[in-house]
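Structure first, commentary second.
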Amino acid sequence: MKRMLAGVVLATTATLIAATPAMAAAPKDPVVAVKKQLAPGKGVKFTERTTLEADGDRQIFVRRSGTLQFGKSGIAASDITGRFNISLKDLGENTEDVPELLKALATPERTIRVGTTSYVSGGMWSTLLPEGKTWLKFPKGPTGGITGALGQPLNLAETATLKTLLKGAKPVSGGYAGKVMVGDLWKVSPWYRATALDKPSKKQQKSTISWRLTLNSAGLPTRLVSTFPIAAVSSGKGTLSVDTRFSDWGTAVSIKAPPAEEVATKFKDGEEADPSEILNSFGNVTM
(Lines give C-alpha, C1' and ligand atoms only; values in the text may rest on other atoms or scores of the structure.)
Protein backbone atom coordinates (compact mmCIF):
# COMPACT_ATOMS: atom_id res chain seq x y z
CA MET A 1 0.00 0.00 0.00
CA LYS A 2 2.80 2.40 0.92
CA ARG A 3 4.51 1.74 -2.40
CA MET A 4 1.24 2.34 -4.22
CA LEU A 5 0.65 5.64 -2.39
CA ALA A 6 4.22 6.73 -3.07
CA GLY A 7 3.73 5.94 -6.75
CA VAL A 8 0.52 7.99 -6.87
CA VAL A 9 2.21 10.96 -5.15
CA LEU A 10 5.17 10.87 -7.52
CA ALA A 11 2.96 10.56 -10.58
CA THR A 12 0.72 13.41 -9.42
CA THR A 13 3.70 15.64 -8.65
CA ALA A 14 5.23 14.97 -12.06
CA THR A 15 1.93 15.81 -13.74
CA LEU A 16 1.61 19.08 -11.84
CA ILE A 17 5.16 20.10 -12.67
CA ALA A 18 4.62 19.33 -16.34
CA ALA A 19 1.37 21.29 -16.38
CA THR A 20 2.77 24.37 -14.61
CA PRO A 21 4.14 27.04 -17.00
CA ALA A 22 7.80 27.80 -16.53
CA MET A 23 8.37 31.14 -14.80
CA ALA A 24 10.05 33.60 -17.16
CA ALA A 25 13.43 34.70 -15.91
CA ALA A 26 13.67 38.42 -15.17
CA PRO A 27 15.74 40.30 -17.76
CA LYS A 28 19.31 41.04 -16.74
CA ASP A 29 20.17 44.58 -15.71
CA PRO A 30 21.30 46.39 -18.90
CA VAL A 31 22.96 49.18 -16.89
CA VAL A 32 25.44 46.70 -15.41
CA ALA A 33 25.98 45.05 -18.80
CA VAL A 34 26.58 48.34 -20.63
CA LYS A 35 28.94 49.66 -17.93
CA LYS A 36 31.19 46.65 -18.52
CA GLN A 37 31.50 47.69 -22.19
CA LEU A 38 32.71 51.22 -21.47
CA ALA A 39 36.40 50.73 -22.12
CA PRO A 40 38.63 53.02 -24.21
CA GLY A 41 39.02 51.77 -27.76
CA LYS A 42 35.88 49.64 -27.63
CA GLY A 43 32.45 50.40 -29.04
CA VAL A 44 29.21 49.27 -30.63
CA LYS A 45 27.66 49.45 -34.09
CA PHE A 46 24.07 50.27 -34.99
CA THR A 47 21.65 50.56 -37.87
CA GLU A 48 18.28 52.25 -37.72
CA ARG A 49 15.32 53.50 -39.66
CA THR A 50 12.86 56.25 -38.82
CA THR A 51 9.27 55.82 -39.96
CA LEU A 52 6.95 58.79 -40.31
CA GLU A 53 3.20 58.36 -39.98
CA ALA A 54 0.93 61.27 -40.86
CA ASP A 55 -2.56 61.64 -42.33
CA GLY A 56 -2.96 57.87 -42.51
CA ASP A 57 0.22 57.44 -44.55
CA ARG A 58 3.24 55.56 -43.19
CA GLN A 59 6.67 55.78 -44.84
CA ILE A 60 10.30 55.15 -44.01
CA PHE A 61 11.68 58.67 -43.71
CA VAL A 62 15.34 58.34 -42.67
CA ARG A 63 17.92 55.54 -42.59
CA ARG A 64 21.12 55.70 -40.53
CA SER A 65 24.06 53.54 -39.54
CA GLY A 66 27.10 54.19 -37.44
CA THR A 67 29.61 53.33 -34.75
CA LEU A 68 30.02 54.64 -31.21
CA GLN A 69 33.45 54.63 -29.57
CA PHE A 70 33.59 54.44 -25.79
CA GLY A 71 35.77 56.08 -23.18
CA LYS A 72 35.96 55.18 -19.49
CA SER A 73 32.69 56.91 -18.65
CA GLY A 74 30.70 57.03 -21.86
CA ILE A 75 30.87 58.02 -25.51
CA ALA A 76 34.20 59.39 -26.66
CA ALA A 77 33.53 59.58 -30.41
CA SER A 78 31.03 58.60 -33.09
CA ASP A 79 30.86 58.14 -36.84
CA ILE A 80 27.34 58.20 -38.29
CA THR A 81 26.00 58.20 -41.85
CA GLY A 82 22.39 59.12 -42.51
CA ARG A 83 20.18 59.79 -45.49
CA PHE A 84 16.61 60.67 -46.25
CA ASN A 85 14.71 57.85 -47.92
CA ILE A 86 14.96 59.40 -51.37
CA SER A 87 17.47 59.01 -54.17
CA LEU A 88 18.48 61.05 -57.18
CA LYS A 89 16.34 58.69 -59.31
CA ASP A 90 13.28 59.77 -57.33
CA LEU A 91 13.81 63.33 -58.58
CA GLY A 92 13.12 62.31 -62.18
CA GLU A 93 15.16 61.60 -65.28
CA ASN A 94 15.90 65.26 -65.95
CA THR A 95 17.40 66.84 -62.84
CA GLU A 96 18.72 69.98 -64.51
CA ASP A 97 15.82 72.04 -63.17
CA VAL A 98 15.93 70.45 -59.72
CA PRO A 99 17.38 72.82 -57.07
CA GLU A 100 20.88 71.91 -55.93
CA LEU A 101 19.76 71.76 -52.31
CA LEU A 102 17.13 69.12 -53.12
CA LYS A 103 19.70 67.08 -55.02
CA ALA A 104 22.04 67.31 -52.05
CA LEU A 105 19.35 66.10 -49.66
CA ALA A 106 19.00 62.98 -51.81
CA THR A 107 22.61 62.03 -51.00
CA PRO A 108 24.03 60.67 -47.70
CA GLU A 109 25.50 62.90 -45.01
CA ARG A 110 28.21 61.83 -42.59
CA THR A 111 29.02 63.14 -39.13
CA ILE A 112 32.22 62.37 -37.26
CA ARG A 113 32.17 63.59 -33.67
CA VAL A 114 35.26 63.50 -31.45
CA GLY A 115 34.59 64.68 -27.94
CA THR A 116 32.13 67.52 -28.49
CA THR A 117 33.53 68.64 -31.86
CA SER A 118 31.58 67.61 -34.95
CA TYR A 119 32.68 67.32 -38.57
CA VAL A 120 29.92 67.07 -41.19
CA SER A 121 30.17 66.16 -44.86
CA GLY A 122 27.94 65.29 -47.81
CA GLY A 123 24.21 65.79 -48.02
CA MET A 124 23.09 69.37 -47.67
CA TRP A 125 26.45 70.35 -46.19
CA SER A 126 28.12 69.86 -49.57
CA THR A 127 26.30 72.97 -50.84
CA LEU A 128 27.83 75.11 -48.07
CA LEU A 129 31.47 74.04 -48.28
CA PRO A 130 34.21 76.30 -49.65
CA GLU A 131 35.98 75.01 -52.76
CA GLY A 132 38.53 72.32 -51.99
CA LYS A 133 37.04 71.39 -48.62
CA THR A 134 34.97 68.30 -47.83
CA TRP A 135 34.18 68.80 -44.13
CA LEU A 136 32.68 71.53 -41.94
CA LYS A 137 33.86 71.77 -38.35
CA PHE A 138 31.42 72.60 -35.56
CA PRO A 139 32.73 72.93 -31.97
CA LYS A 140 29.96 71.61 -29.70
CA GLY A 141 28.25 70.43 -32.88
CA PRO A 142 25.41 67.99 -33.62
CA THR A 143 25.74 64.23 -33.22
CA GLY A 144 24.26 63.36 -36.60
CA GLY A 145 23.67 66.39 -38.84
CA ILE A 146 20.22 66.96 -40.34
CA THR A 147 19.11 63.33 -40.27
CA GLY A 148 20.33 62.94 -36.69
CA ALA A 149 17.59 65.28 -35.50
CA LEU A 150 15.10 62.68 -36.78
CA GLY A 151 17.01 59.67 -35.50
CA GLN A 152 17.01 57.80 -32.19
CA PRO A 153 16.76 60.32 -29.32
CA LEU A 154 17.64 57.68 -26.69
CA ASN A 155 21.30 56.76 -26.43
CA LEU A 156 21.71 53.55 -24.44
CA ALA A 157 25.49 53.93 -24.22
CA GLU A 158 24.84 56.67 -21.65
CA THR A 159 24.29 54.76 -18.42
CA ALA A 160 22.60 57.76 -16.76
CA THR A 161 20.10 57.85 -19.62
CA LEU A 162 19.57 54.10 -19.37
CA LYS A 163 18.92 54.40 -15.62
CA THR A 164 16.36 57.14 -16.27
CA LEU A 165 14.56 54.98 -18.83
CA LEU A 166 14.38 52.02 -16.47
CA LYS A 167 12.73 54.03 -13.69
CA GLY A 168 9.13 52.88 -13.79
CA ALA A 169 9.78 50.58 -16.75
CA LYS A 170 8.11 47.18 -16.90
CA PRO A 171 9.75 43.86 -17.75
CA VAL A 172 8.41 42.47 -21.04
CA SER A 173 9.32 39.45 -23.12
CA GLY A 174 13.03 39.81 -23.91
CA GLY A 175 13.57 43.13 -22.16
CA TYR A 176 11.78 46.23 -20.88
CA ALA A 177 9.24 48.84 -21.99
CA GLY A 178 8.41 52.27 -20.66
CA LYS A 179 8.01 55.99 -21.26
CA VAL A 180 10.18 59.05 -20.66
CA MET A 181 9.35 62.74 -20.85
CA VAL A 182 11.40 64.89 -23.23
CA GLY A 183 12.20 67.30 -20.40
CA ASP A 184 13.69 64.51 -18.28
CA LEU A 185 15.70 63.24 -21.25
CA TRP A 186 17.06 66.74 -21.89
CA LYS A 187 18.29 66.98 -18.30
CA VAL A 188 20.07 63.64 -18.19
CA SER A 189 21.38 63.05 -21.74
CA PRO A 190 24.35 65.03 -23.18
CA TRP A 191 23.81 63.13 -26.45
CA TYR A 192 20.21 64.31 -26.76
CA ARG A 193 21.17 67.91 -25.93
CA ALA A 194 23.87 67.84 -28.63
CA THR A 195 21.46 66.28 -31.14
CA ALA A 196 18.66 68.78 -30.55
CA LEU A 197 21.01 71.76 -29.99
CA ASP A 198 18.14 74.04 -28.89
CA LYS A 199 16.35 73.46 -25.59
CA PRO A 200 12.82 72.12 -26.15
CA SER A 201 9.93 74.42 -25.37
CA LYS A 202 7.91 73.93 -22.18
CA LYS A 203 5.24 72.19 -24.24
CA GLN A 204 7.78 69.90 -25.90
CA GLN A 205 9.34 69.04 -22.55
CA LYS A 206 6.00 67.56 -21.48
CA SER A 207 5.87 65.32 -24.56
CA THR A 208 6.33 61.60 -23.95
CA ILE A 209 8.60 59.13 -25.75
CA SER A 210 7.40 55.52 -25.56
CA TRP A 211 10.07 52.85 -25.92
CA ARG A 212 10.68 49.11 -25.94
CA LEU A 213 14.10 47.57 -25.35
CA THR A 214 15.22 44.07 -26.30
CA LEU A 215 18.26 42.49 -24.59
CA ASN A 216 20.50 39.55 -25.37
CA SER A 217 21.40 36.83 -22.86
CA ALA A 218 24.21 39.01 -21.46
CA GLY A 219 21.81 41.90 -20.82
CA LEU A 220 23.15 44.05 -23.66
CA PRO A 221 20.71 45.99 -25.86
CA THR A 222 20.08 44.47 -29.29
CA ARG A 223 17.06 46.52 -30.33
CA LEU A 224 15.38 49.76 -29.24
CA VAL A 225 12.13 51.08 -30.71
CA SER A 226 10.98 54.55 -29.66
CA THR A 227 7.76 56.28 -30.70
CA PHE A 228 6.88 59.94 -30.21
CA PRO A 229 4.99 62.84 -31.82
CA ILE A 230 6.98 64.94 -34.28
CA ALA A 231 5.90 67.97 -32.25
CA ALA A 232 8.22 66.71 -29.50
CA VAL A 233 11.26 67.49 -31.66
CA SER A 234 10.00 69.89 -34.36
CA SER A 235 6.98 71.84 -35.57
CA GLY A 236 5.62 69.16 -37.90
CA LYS A 237 2.59 66.90 -37.53
CA GLY A 238 2.46 63.14 -37.24
CA THR A 239 4.33 60.42 -35.36
CA LEU A 240 7.92 59.18 -35.62
CA SER A 241 8.96 55.63 -34.83
CA VAL A 242 12.71 54.92 -34.65
CA ASP A 243 13.85 51.29 -34.80
CA THR A 244 17.53 50.90 -33.80
CA ARG A 245 19.45 47.59 -33.95
CA PHE A 246 22.74 47.18 -32.05
CA SER A 247 25.55 44.77 -32.89
CA ASP A 248 29.21 44.03 -32.12
CA TRP A 249 29.29 45.27 -28.54
CA GLY A 250 32.94 45.42 -27.44
CA THR A 251 34.34 45.64 -30.95
CA ALA A 252 37.62 47.54 -31.41
CA VAL A 253 36.91 51.10 -32.59
CA SER A 254 39.18 54.01 -33.53
CA ILE A 255 37.43 57.17 -34.74
CA LYS A 256 39.58 60.15 -35.68
CA ALA A 257 38.91 63.66 -36.95
CA PRO A 258 39.24 64.20 -40.74
CA PRO A 259 42.57 65.53 -42.07
CA ALA A 260 42.93 69.22 -41.20
CA GLU A 261 43.52 70.24 -44.84
CA GLU A 262 40.05 68.94 -45.76
CA VAL A 263 38.23 70.84 -43.02
CA ALA A 264 36.57 74.27 -43.22
CA THR A 265 35.43 76.35 -40.24
CA LYS A 266 33.38 78.80 -42.28
CA PHE A 267 30.70 78.48 -44.95
CA LYS A 268 31.66 79.23 -48.55
CA ASP A 269 30.21 82.74 -48.21
CA GLY A 270 32.69 83.46 -45.40
CA GLU A 271 30.17 83.33 -42.55
CA GLU A 272 30.98 81.44 -39.37
CA ALA A 273 29.60 77.91 -39.47
CA ASP A 274 26.57 77.69 -37.16
CA PRO A 275 24.70 74.37 -37.19
CA SER A 276 21.74 75.74 -35.20
CA GLU A 277 20.53 77.96 -38.02
CA ILE A 278 20.76 75.14 -40.55
CA LEU A 279 19.03 72.55 -38.39
CA ASN A 280 16.27 74.95 -37.38
CA SER A 281 15.51 75.70 -41.03
CA PHE A 282 14.58 72.01 -41.39
CA GLY A 283 12.46 71.91 -38.25
CA ASN A 284 9.08 71.62 -39.98
CA VAL A 285 8.69 67.96 -40.94
CA THR A 286 5.88 67.09 -43.36
CA MET A 287 5.03 64.23 -45.68
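Worth a mention:
- When the residues of the stretch 236-275 are filtered to those that are under 21 Å from the mean Cα position of the chain (by Cα), more than 19 Å from Ser210 (Cα to Cα) and among the β-branched types (Val, Ile, Thr), the one that is surrounded by the fewest Cβ atoms within 10 Å (Cβ to Cβ) is Thr251.
- Among (1) modelled with pLDDT of 95 or more; (2) within 29 Å of Phe84 (Cβ to Cβ), the one test that Pro200 misses: (1)
- When each of Thr117, Thr143 is tested for being over 30 Å from Ser217 (Cβ atoms) and either among the polar types (S, T, N, Q) or in contact with a Pro (Cβ under 6 Å, 6 or more places away or on another chain) (or both), the lone residue that passes is Thr117.
- Only one of the numbered conditions (1) modelled with pLDDT of 95 or more; (2) touching a Leu at 6+ places or on another chain (Cβ under 9 Å); (3) closer than 30 Å to Pro108 by Cα is violated by Arg49, and that is (2).
- Screening the stretch 100-162 for strands (runs of 3 or more DSSP E) wholly inside it with 1 or more residues that are at pLDDT 95 or above, hydroxyl-bearing (Ser, Thr, Tyr) and crowded, with 18+ Cβ neighbours inside 10 Å returns the ranges 109-114, 117-122.
- Residues within the stretch 228-246 that are assigned to a strand (DSSP E or B) and more than 18 Å from Phe46 (Cβ to Cβ), tallied: 3
- Unique residue being surrounded by 15 or more Cβ atoms within 10 Å (Cβ to Cβ), farther than 18 Å from Arg245 by Cβ and out of contact with any His (no Cβ under 9 Å at 6 or more places or on another chain) when the list is Lys89, Lys42, Lys72, Lys35: Lys42
- Every pair of residues 6+ apart whose Cβ atoms lie under 6 Å, when the first sits in the stretch 154-166 and is hydroxyl-bearing (Ser, Thr, Tyr) while the second is in a loop (DSSP other than H, G, I, E, B): Thr161/Asn155; Thr161/Ser189
- Residues within the stretch 163-199 that are within 25 Å of Pro108 (Cβ to Cβ), assigned to a helix (DSSP H, G or I) and among the aliphatic types (A, V, I, L, M), tallied: 2
- Within the stretch 115-141, the set of residues being touching a Leu at 6+ places or on another chain (Cβ under 9 Å) and within 15 Å of Arg64 (Cα to Cα) comprises Val120, Ser121, Gly123.
- Qualifying residue in the stretch 172-185 (condition: more than 17 Å from Pro30 (Cα to Cα), among the charged types (D, E, K, R) and surrounded by fewer than 19 Cβ atoms within 10 Å (Cβ to Cβ)): yes
- Flag if Thr239 is modelled with pLDDT of 85 or more and more than 18 Å from Leu166 (Cβ to Cβ): yes
- Whichever residue in the stretch 218-235 is surrounded by fewer than 20 Cβ atoms within 10 Å (Cβ to Cβ), free of Cβ contacts under 8 Å to residues at least 60 places away in the same chain and of a type in the set (Gly, Ala, Ser) and, among such residues, is nearest to Gln152 (Cα to Cα): Ala231
The values are calculated or read from the model by the stated rules, or taken from the named source; none is laboratory data. Since the model is a prediction, treat every value here as computed from it, not as a measurement. FYI the Cβ positions are ideal-geometry reconstructions off the backbone, even for glycines, and counts take in every protein chain you see.
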